[in-house]
Structures are given as structure tokens and as C-alpha cells.
1. Say we look at the stretch 68-89 and pick out the residues that are assigned to a helix (DSSP H, G or I), within 7 Å of the ligand (Cβ to nearest atom) and of a type in the set (A, V, I, L, M, F, W, C); which of these is farthest from Ser164 (Cα to Cα)?
2. Can you confirm whether the stretch 10-24 contains a residue that is within 11 Å of the ligand (Cβ to nearest atom), part of a loop (DSSP other than H, G, I, E, B) and surrounded by fewer than 16 Cβ atoms within 10 Å (Cβ to Cβ)?
3. Given the conditions (1) in contact (Cβ under 8 Å) with a residue 40 or more places away in the chain; (2) within 18 Å of Glu225 (Cβ to Cβ), which single one is not true for Ile153?
4. Are any of the residues in the stretch 47-55 assigned by TED's automatic domain parsing to the domain that holds Thr100, β-branched (Val, Ile, Thr) and within 23 Å of Asp111 (Cβ to Cβ)?
5. Do you know which residues across the stretch 94-127 are closer than 22 Å to Arg219 by Cα and of a type in the set (A, V, I, L, M, F, W, C)?
6. Against the definition (over 23 Å from Leu139 (Cα atoms) and either more than 16 Å from the chain's Cα centre (by Cα) or among the hydrophobic types (A, V, I, L, M, F, W, C) (or both)), how does Lys43 come out, yes or no?
7. Of all the residues that make up the stretch 164-189, how many are farther than 18 Å from Ile115 by Cβ, of a type in the set (Gly, Ala, Ser) and either touching a strand residue (DSSP E or B) at 6+ places or on another chain (Cβ under 7 Å) or touching a residue at least 40 places away in the same chain (Cβ under 8 Å) (or both)?
Amino acid sequence: MKVGFLGFGEVASILSEGLQKHGATVATCIEERSTKTKELAEKSGVKLYKTNIELAEVSDILISTVTPSQAIKVAQEVGKYVNGIYVDINNVSPKTVKKTLSFIENRKTVDAAIIGSIKKGLNVSVIASGDYAAQFAELNNYGMNINVIGDEIGQASAIKMLRSSFTKGISALLFETIYSAYKMGIDEEVLKYIAGTECEGFKDSAISRIISSSVHAKRRGEEMEEVIGLISEHMTPKMSSATEKFFKSLNEDIDNLENRPKNYKEVFKLIDKKEKK
Ligand SMILES: NC(=O)c1ccc[n+]([C@@H]2O[C@H](COP(=O)([O-])OP(=O)(O)OC[C@H]3O[C@@H](n4cnc5c(N)ncnc54)[C@H](OP(=O)(O)O)[C@@H]3O)[C@@H](O)[C@H]2O)c1
């Protein structure tokens, strides 16, 4: 099985490591990419092709793991040359994924979405829809955890987007609430009293949400643009627009985060430091 990755960032490097361990041949193209991407690909030992077009021609399964804003562009670039199955796993709306996959001339396309953190590794839950989703799920024989949820392009992305609307909205609300409590010196108490009416494990998950919001503020802000696109098809987005605004402003408040903060107070101190400047 030859698996190609368009783009080689966090998602591609983590999936590649597991797929190779399970016997798949993995390849990518790093021409004109950043130093970070080049280092990740070289370290992972995947096969390197000179162009994305060559990669598209040889891959049995070609997975697009670029960034939401680049999903259409790369599909346009390789669309004519894809011989196997083309999977878009970027966090994009159903509308964007339909447009993206319309460029794949052989029509062997799959809409896929990662549910949860890729840090879980190869076993992270992936949902997939479209006529070729079952073929993509053959990667379960190589350690992946893919569930086919329907035969229409757009279904997997819609689930992902609506889940995102909920989880990112909750994270933004939590951040704002606990930061205000911290400024008043009552953050521990507020967490304790919210936990009293929430489910078990709330406190740990709230803290983890605050920390990961700071680490991924930029990406989350961008991803909310796609969520808003989907919500706008059904109602005027108000909560999701606020969530987008929150993450974009958090990204400005916490610039240059070099290491993952060890606790939430460390995150809040970074904001205080920026405000003092
Ligand atoms: N990380 C997660 O936990 C997670 C979870 C679910 C879904 N996703 C989705 O999965 C996708 C990848 O995420 P990631 O975290 O791996 O992102 P990432 O670490 O930022 O990696 C993106 C990769 O795509 C490359 N790239 C950007 N534009 C490109 C182009 N036009 N042609 C070829 N390569 C291009 C980047 O190269 P440069 O370094 O040169 O820019 C980089 O190698 C995103 O759409 C994201 O929304 C991520």
C-alpha cells in the first residue's frame, strides 16, 4: 500500500510514523516547503518525490493534510494526475470539500475528518464519507481507526464542523470565565463550583482546554471561518462568530508561544505580560 501526503505537518508526520510501522510505504513532496516541514519529513524517513504531481501519480491513497486555506489549491494542482483515491482530511466545511474534490478528475474521492487530537497517534478516530470511503478504510489494516459514516461527500466534514462549533465555543467561554476568575483570585473556587454540576473529570478537561486554546489559537481562529460558513447556511452565526473573534484575538495576545504551558495560570500570566507592554 502506497500512501502519499500532500503537506507534511503535524498530522502527516504522526500518521506516517504509525503507517510505516504497520508496513505501508509512505511518501510526500517537500520542494519549496518550510524548514520545519522539511525536517519533519526527513526525520520520519518517508520517500520524497520532486513534485506533488509525481506523488499523485504513484499513490494508492493520497491524503491532503495541508491547511484549510490551501485545500482547494492543492487539489487543483494535482487533480488531473491522481490515479488512486484522493482523501481530503483538512478541517473544511462541506461546501469547501465539495469544491475541493470536484478537481479530482478520476472522481475517486473521500471526505474525511479527524475527531479529537492527532496526538493520540494512528489510532485517533477518523470519520469518512463518499463512495470510496470504504477503500480509504482499508488503512485500518495498517493501524488506522477509520469509520465510514455515509456515502455522500460533505457528511464527514459537516459532523466535524458542527462538533468544532460546540467544542471551540465551550473552550472560548471557559477561557474567558476562568481568566476573569483568576484576575479576581477565585479561579480555583469557580472551577470547583462549576465542576459540582458538570460530569466527572470536568476540572482536568477544563484546564486542558484552556492550555490547548493558547497553543492552537491561530489554527482554531482559521478553522472557525469554515464553521461560520456552514452555520450561515442555516442561521445567522452569533456564537460561532464570537468564538472566531475570541481565538483570533487570543492569538494576538499570546504571540511566540515556544513551549506548551505547564498549567493554565502560566497561560494567563502570558496575557498579563502582553497587556503590560
Ligand atoms: N493537528 C491536528 O490535531 C488536526 C486535527 C484535525 C484536523 N487537522 C487538519 O489537518 C490539516 C493539517 O493539519 P496540521 O496540524 O498537520 O497542519 P500543519 O502542521 O500546519 O501542516 C500543514 C502542512 O501543509 C503544508 N502546506 C501548506 N500549504 C501547502 C501547499 N499549498 N502545498 C503543499 N503543502 C502545503 C505545510 O508546509 P509549510 O510548513 O511549508 O507551510 C505543512 O507541511 C489541517 O487542515 C487541519 O485543519 C489537524
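The values are calculated or read from the model by the stated rules, or taken from the named source; none is laboratory data. All values reported here derive from a predicted model rather than from experimental measurement. Glycine also receives a Cβ, built like all others from the backbone with ideal geometry; neighbour counts cover every protein chain displayed.
1. Step one: list which residues in the stretch 68-89 are assigned to a helix (DSSP H, G or I), which gives 68-78.
Of the ones still in play, those that are also within 7 Å of the ligand (Cβ to nearest atom) are 68, 70-71, 73-74.
Filter again for of a type in the set (A, V, I, L, M, F, W, C), leaving 71, 74.
Numbers: Ala71: 18, Val74: 24 Å.
If we take residues in the stretch 68-89 being assigned to a helix (DSSP H, G or I), within 7 Å of the ligand (Cβ to nearest atom) and of a type in the set (A, V, I, L, M, F, W, C), then Val74 is farthest from Ser164 (Cα to Cα).
2. no
3. (2)
4. yes
5. Val97, Ala112, Ala113, Ile114, Ile115, Ile118, Leu122, Val124, Val126, Ile127, listed by residue number.
6. Numbers: over 23 Å from Leu139 (Cα atoms): no; either more than 16 Å from the chain's Cα centre (by Cα) or among the hydrophobic types (A, V, I, L, M, F, W, C) (or both): yes.
Answer is no for this residue.
7. Of the stretch 164-189, the ones farther than 18 Å from Ile115 by Cβ are 172-189.
Then keep just the ones that are of a type in the set (Gly, Ala, Ser); that gives 172, 180-181, 185.
Subsequent filtering for residues that are either touching a strand residue (DSSP E or B) at 6+ places or on another chain (Cβ under 7 Å) or touching a residue at least 40 places away in the same chain (Cβ under 8 Å) (or both) retains 172.
Number satisfying all stated conditions: 1.
Rundown of residues vs (1) in contact (Cβ under 8 Å) with a residue 60 or more places away in the chain; (2) surrounded by 16 or more Cβ atoms within 10 Å (Cβ to Cβ), yes/no style:
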site	(1), (2)
Ser208	no, no
Ser213	no, yes
Val227	yes, yes
Lys238	no, no
Phe268	yes, yes
